[in-house]
Amino acid sequence: MSGNETSRIPGFYKLSPDERVKALQDAGADIALAPWRDEGLRLQDADLMVENVIGTFSLPNAVAVNFCIDGADRLVPMVVEEPSVVAAVSNMARLARRSGGFVTESSSDIMIGQLQLSNVQAPAEAVSKLEAARDELLAQAATIHPRLVARGGGMRGIDVRHVVYDEPGYPREDMVVLHIHLDCVDAMGANMVNTVVEHLAPLVEGITGEQVGLKILSNLADKRLAKATVRIDPKYLSTATLKGTEVAERIASAWRFAWADPYRAATHNKGVMNGIDAVALATGNDWRAIEAGAHAWCARDGHYRPMTTWRFDGDMLVGSIELPVQFGTVGGTIRVHPTVQANLALLGAEKANDLARVAVAVGLAQNLGALKALATEGIQAGHMRMHARTVAATAGATTAEVPRVAMALCAKRDYSVAYAERVLGELRGG
C-alpha cells in the first residue's frame with residue numbers, strides 16, 4: 001500500500017461484497033472489481049497446471065483489514081473456508097495497531113537443496129573430499145542459473161553433513177549429505193534448487209566415488225526465516241468481566257501450556273497456520289511446503305513446541321513468531337492465476353520476503369485472537385457466531401435474511417438447522 005492508503009475501515013464486515021470493494025477503493029486501494037468477479041482461473045489454464053482436470057474449485061477470497069506492519073497500513077487478502085479466521089485476524093490487527101502494530105524482519109531468500117550419498121562405507125573420507133572440492137562445486141553451481149544471478153541471487157554456500165540412520169532393530173546406515181544454499185530472490189525456488197542438485201550429482205559422484213541417491217530441495221527452509229513481534233498494552237484486552245492484566249496473564253499461561261504439551265502445541269500451531277495458509281493460498285504459494293517447514297522447525301530441539309511466544313511482564317503483553325517460510329511472488333501459479341495477481345497487487349507485495357513478513361504477522365494476529373478467546377469467553381462463542389451465518393443460509397435464508405436469523409441463533413445459542421428454519425418461518429410470517 002502507498003502512504004495514502006489505510007487499512008482501517010470501520011464496519012467493513014457489515015458491507016456486501018461489492019460494497020467492500022468500493023470501500024477498499026475509497027480507502028485508497030488501486031483495485032478494480034473485475035478480478036474478483038470474473039471467471040478467475042480459466043479451465044484451459046487449470047488444465048495446464050495439474051493432471052486430469054475436470055473443472056475449477058472456488059473458496060472465499062476475503063480481506064483482513066486494520067493491519068499496521070512496520071509502520072505501514074496493509075490490506076491482506078486471505079483465502080479460507082473456516083468461519084471466524086478473518087474476523088479474528090482483523091480484530092486483533094485493530095487491537096495491535098493501538099500499541100504500534102507489528103514489527104517484522106526476515107533473514108534471507110536462501111533455499112536448501114540436498115544431495116544424498118547412501119550406504120557410505122567411509123563417511124569421514126567422503127566428507128573430507130567434498131569439503132576439499134567446495135570451490136569447484138560452487139563454481140559449477142554458479143553457472144546453472146545465470147538469470148537468477150543477474151537478479152541478485154545465486155549460490156551462497158555449501159555444507160557437508162554426516163547423517164546416520166540408527167533405528168533400533170535395523171542395520172545402521174551412514175549417509176553423507178551435501179547441502180547447497182541458493183538465494184532464490186523472489187521465487188519460492190523449488191525448481192531452481194532441484195535443477196542445481198541434479199546438475200551437480202555427476203560431479204559429486206566423481207569427487208567421492210560414491211553413488212548419489214536423492215537429489216531434492218528441503219522444505220525446512222531454516223535460512224529463510226521471517227519474524228514478527230507485537231507489544232500489546234493490557235488495557236486494550238479488558239472485557240466486561242476481566243481486567244486487561246488478567247487477560248494478558250491468561251494468554252501467557254495458555255502459551256506456556258502449549259510449550260509444555262505437544263497435544264496442546266499441535267492445536268495452538270494449527271491456529272497460527274490458519275492465518276499463514278490463508279495468505280499463502282490467496283497469493284498462489286505452496287501452503288503444504290510452508291506447513292511442513294514450520295512444523296519441522298517447531299521440533300528442532302527434539303520436542304514439538306509452539307510457533308509463537310507470549311510473555312507478560314506486568315506492563316506489556318509481548319508476542320513473537322519466527323518461522324521458515326518459503327514464499328514467492330513470481331513463477332508458478334502466480335503467472336497464470338489472475339485472482340492471485342490481483343491479491344498480490346492489493347497487498348502491495350512485490351518482494352518475497354515482504355510477503356513472508358506479512359504472512360507471519362497474520363499468523364501471530366490469528367494466534368492472539370485464538371488465545372484471547374480461550375482466555376475469556378471460550379473459543380466456541382466467537383466461532384459459533386460466525387457459523388450461525390452458514391446455518392442460516394443452509395436453512396434457506398436469503399442474503400438479506402441471514403443477519404437476522406443468525407442473530408436469533410446466537411441469542412438462544414441454538415445453532416441447529418431446525419431452529420434456523422423455525423426462526424426463518426417466523427420472520428416470513430409463516
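The values are calculated or read from the model by the stated rules, or taken from the named source; none is laboratory data. Here the structure is a predicted model, which is why all the values come from computation and not from measurement. Every residue, glycine among them, receives a Cβ derived from its backbone with ideal geometry; neighbour counts consider all protein chains shown. Areas reflect the complete protein model, heavy atoms only, side chains present, ligands, DNA and RNA absent. Shrake-Rupley method; radii C 1.70, N 1.55, O 1.52, S 1.80 Å.
Is at least one residue of the range 366-378 modelled with pLDDT of 85 or more, within 30 Å of Ala190 (Cβ to Cβ) and under 30 Å from the mean Cα position of the chain (by Cα)? Looking for residues that are modelled with pLDDT of 85 or more, within 30 Å of Ala190 (Cβ to Cβ) and under 30 Å from the mean Cα position of the chain (by Cα), one finds at least one in the range 366-378, hence yes. Listed conditions (1) of a type outside the set (Gly, Ala, Ser); (2) assigned to a loop (DSSP other than H, G, I, E, B); (3) loosely packed, with under 14 Cβ neighbours inside 10 Å are all met by Arg8, apart from (3). With respect to (1) over 23 Å from the mean Cα position of the chain (by Cα); (2) closer than 16 Å to Leu346 by Cα; (3) assigned to a helix (DSSP H, G or I), the lone exception for Leu48 is condition (2). Test of understanding: among Ala221, Ala228, Ala190, which residue is modelled with pLDDT of 95 or more, small (Gly, Ala, Ser), within 27 Å of the chain's Cα centre (by Cα) and under 30 Å from Glu246 (Cβ atoms)? Just a single option satisfies the conditions, and that option is Ala228.
Note on the range 395-410: residues that are under 13 Å from Glu421 (Cβ atoms), outside any helix (DSSP H, G or I) and among the small types (Gly, Ala, Ser) amount to 3.
Suppose the filter is crowded, with 18+ Cβ neighbours inside 10 Å and at positive phi; does Gly348 pass it? Criteria met by Gly348. Residues considered: Leu200, Leu137, Leu217. Of these, the only one that is of a type in the set (A, V, I, L, M, F, W, C), at negative phi, in a strand (DSSP E or B) and touching a residue at least 60 places away in the same chain (Cβ under 8 Å) is Leu217. Please go through the range 177-217 and give me each residue that is touching a helix residue (DSSP H, G or I) at 6+ places or on another chain (Cβ under 9 Å), of a type in the set (S, T, N, Q) and surrounded by fewer than 19 Cβ atoms within 10 Å (Cβ to Cβ), ordered by number. The one that is touching a helix residue (DSSP H, G or I) at 6+ places or on another chain (Cβ under 9 Å), of a type in the set (S, T, N, Q) and surrounded by fewer than 19 Cβ atoms within 10 Å (Cβ to Cβ): Gln211. Only a single item in (1) open to solvent by 10 Å² or more (accessible area, probe 1.4 Å); (2) touching a helix residue (DSSP H, G or I) at 6+ places or on another chain (Cβ under 7 Å); (3) among the hydrophobic types (A, V, I, L, M, F, W, C) is not met by Ala282, and it is number (1).
Write out, first by first residue and then by second, each pair whose Cβ atoms fall under 7 Å of each other, whose residues are 6+ apart or on separate chains, and whose first residue, in the range 28-44, is exposed (fewer than 13 other Cβ atoms within 10 Å of the Cβ) while the second is modelled with pLDDT of 80 or more and of a type in the set (Val, Ile, Thr). Sorted first by the residue in the range 28-44, then by its partner, the pairs are Leu43/Thr56.
Taking the range 71-124 as the region of interest, none of the strands (runs of 3 or more DSSP E) fully inside it holds 3 or more residues being closer than 26 Å to Ala392 by Cβ, open to solvent by 40 Å² or more (accessible area, probe 1.4 Å) and in contact with a Cys (Cβ under 8 Å, 6 or more places away or on another chain). Apart from one condition, Lys129 fits all of (1) open to solvent by less than 40 Å² (accessible area, probe 1.4 Å); (2) outside any loop (DSSP other than H, G, I, E, B); the exception is (1). Selection of the range 244-269 for residues being crowded, with 16+ Cβ neighbours inside 10 Å and under 19 Å from the mean Cα position of the chain (by Cα) yields Ala265, His268, Asn269. Is one or more of the residues making up the range 156-176 under 26 Å from the mean Cα position of the chain (by Cα) and open to solvent by less than 60 Å² (accessible area, probe 1.4 Å)? Within the range 156-176 (the criterion being under 26 Å from the mean Cα position of the chain (by Cα) and open to solvent by less than 60 Å² (accessible area, probe 1.4 Å)), the answer is no, since none of the residues qualifies. Scanning the range 11-27 for residues that are open to solvent by 50 Å² or more (accessible area, probe 1.4 Å), out of contact with any Ser or Thr (no Cβ under 8 Å at 6 or more places or on another chain) and in contact (Cβ under 8 Å) with a residue 24 or more places away in the chain yields a single hit, Arg20.
Looking at (1) part of a loop (DSSP other than H, G, I, E, B); (2) more than 15 Å from Ala373 (Cα to Cα); (3) over 27 Å from the mean Cα position of the chain (by Cα), which is the one condition that is false for Thr241? The failed condition is (2). Filter the range 303-319 down to residues that are touching a residue at least 60 places away in the same chain (Cβ under 8 Å) and open to solvent by less than 30 Å² (accessible area, probe 1.4 Å) and give me whichever is nearest to Val230 (Cα to Cα). Checking each candidate, the answer is Gly319. A residue that is within 15 Å of the chain's Cα centre (by Cα) and either open to solvent by 40 Å² or more (accessible area, probe 1.4 Å) or at pLDDT below 95 (or both) cannot be found anywhere in the range 323-335.
Residues of the range 354-368 that are within 28 Å of Ala258 (Cα to Cα) and open to solvent by 10 Å² or more (accessible area, probe 1.4 Å): Arg357, Gln366.
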